[in-house]
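In what follows, a structure is listed as structure tokens, so that the remarks can point back to it.
The values are calculated or read from the model by the stated rules, or taken from the named source; none is laboratory data. Everything numeric in this text was worked out from a predicted model, so none of it was measured. Don't worry about glycine lacking a Cβ; one is built from the backbone with ideal geometry, like all the others, and counts go over all protein chains shown.
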Amino acid sequence: MSLTPDPTGSGPLSGVVVADFSRILAGPYCTMLLADMGATVIKVEGPEGDDTRLYKPPSRDGIGTYFLSVNRNKHSIVLDLKDPEDLETAYEIIDSADVFIENFKPGGLEQFGLDPASVAERWPSLVHASITGFGTRGGAHLPGYDLLVQGVSGFMSVTGFPDGPPQRGGVALFDVITGLHAAVAVLGALHERTVSGRGQHVALDLLSAALSGMVNQTTGYAACGNDPQRQGNEHPSLFPYGPFPTADKELIITVANNSQFRRFSTVLGMPDLIEDPRFDTVEHRNNHREELRPLLNGALRGDTAQAWATRLQDQGVACAPILTVPEGVEYAAFLGLEPVVQVGQGDDAVPLVKNPVTYSRTPVTYDKAPPALGADREDVLAWLRSRKDPS
């Protein structure tokens, strides 16, 4: 993967340069998506490197797989912004960039002249994306950890079983959602720049992304004052929708409308359920789920999960087993989705989970494995020199 931006490259962002001053997850996930799309991403790390290099186990060749998961296709250079010479190099990188992304605490970059006001003055055509945990007003002093956001957003209050404690999600969900929003925001700002010729500051915070990402749960409160509660694996607005016991193990069954319920109850040998006034609409099934549940459980216990899955799928009723993470990856491979790709070349290649987007003309690329700390310093400095003296 060449450091020199190539506007004629195959990716949709070929020729775009990103100065990536972010670390941990939300920012690096965003910049990895941009890199996959062909952008040249220069990852600026402090002397100790991105913290996630040391997030282990698990690890591969001594590097935390947490770091590997969000840092492919990038060029790493170590800069100490407190060192005047390194700070000048940072300025030179931003001079050459189209996008500057950081997730420092609010006010943390002001001492280096990299706060939003200073950036807008010095680089008026730059797209500057800032990611914080809780915004720059009342929550400016709060550290932006995903688990804190899962707690204060209400997400944990609706995750888990009614008789158990609130639960965190099994992944840093809101870091990832914020990273996705950041990538979309950057693309929007780059498009607008092609019209106006001007850059702008794009601000995101994990809590706002969380409240947006909780969609129906937060909107239920905002629109009608609903206060959702933990329901385990139940859906607040649909039934049957979740895992159900069979003769050997649980099977996830999702029934989202009357037509699906008619087919489902027919497969179960109870076609008249859809005519029962307690169960004839989505709302009625929700209101009477505790009356419907034993009827469904009784029928489903008559055969195995695989037997029911075959019959239900044949009739277009959505169902699935509950798999482990390894089984999930293997299932995606079985379906032909090719979830694992080799990133990098030769002995340096690393197996990683692929970008989920497929372009018909401008495919994403997997040219460069996640870099060792500072591995691309000389290449970055040589590139900066070449921009000063193109000859």
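For this structure, a couple of remarks:
- The set of residues in segment 10-36 being crowded, with 20+ Cβ neighbours inside 10 Å and modelled with pLDDT under 95 consists of GLY11 alone.
- Evaluation of PHE67 against (1) of a type outside the set (S, T, N, Q); (2) in contact (Cβ under 8 Å) with a residue 12 or more places away in the chain; (3) within 22 Å of VAL127 (Cβ to Cβ); (4) in contact with a Gly (Cβ under 9 Å, 6 or more places away or on another chain) (one fails), failing number: (3)
- Scan of segment 31-90 for residues that are among the hydroxyl-bearing types (Ser, Thr, Tyr) and in a helix (DSSP H, G or I), ordered by number: THR31, THR52, THR65, TYR66, THR89
- Under the condition of being surrounded by 12 or more Cβ atoms within 10 Å (Cβ to Cβ) and out of contact with any helix residue (DSSP H, G or I) (no Cβ under 6 Å at 6 or more places or on another chain), the residues counted in segment 311-320 number 3.
- If you check GLU88, GLU102, GLU48 for being closer than 27 Å to LEU147 by Cα, surrounded by fewer than 15 Cβ atoms within 10 Å (Cβ to Cβ) and either modelled with pLDDT of 95 or more or acidic (Asp, Glu) (or both), only one passes: GLU48.
- Within segment 192-217, residues that are closer than 18 Å to GLY27 by Cα reach partners that are surrounded by fewer than 16 Cβ atoms within 10 Å (Cβ to Cβ) and of a type in the set (D, E, K, R) with beta carbons closer than 9 Å, at six or more positions or on different chains, in the pairs GLN200/GLU192.
- Residues that are loosely packed, with under 14 Cβ neighbours inside 10 Å, within 20 Å of the chain's Cα centre (by Cα) and over 30 Å from ASN257 (Cα atoms) do occur in segment 327-340, at least one of them.
- Among the residues of segment 28-64, those identified as at positive phi and either in contact with a helix residue (DSSP H, G or I) (Cβ under 9 Å, 6 or more places away or on another chain) or of a type outside the set (Asp, Glu) (or both) are GLY38, GLY49, GLY62.
- Considering residues of segment 117-175 that are of a type in the set (A, V, I, L, M) and in a loop (DSSP other than H, G, I, E, B) only, the residue surrounded by the fewest Cβ atoms within 10 Å (Cβ to Cβ): VAL171
- For the residues PRO116, PRO166, PRO124, PRO162, the requirement of being in contact with a strand residue (DSSP E or B) (Cβ under 6 Å, 6 or more places away or on another chain) and touching a residue at least 60 places away in the same chain (Cβ under 8 Å) singles out PRO116.
- Selection from segment 268-297 of residues that are surrounded by 16 or more Cβ atoms within 10 Å (Cβ to Cβ) and either outside the structural domain of LEU312 (by TED's automatic domain parsing) or touching a residue at least 40 places away in the same chain (Cβ under 8 Å) (or both): VAL282, ARG285, ASN286, ARG289, LEU292, LEU296
- Within segment 222-258, considering residues that are free of Cβ contacts under 8 Å to residues at least 60 places away in the same chain and outside any loop (DSSP other than H, G, I, E, B), the one surrounded by the fewest Cβ atoms within 10 Å (Cβ to Cβ): CYS224
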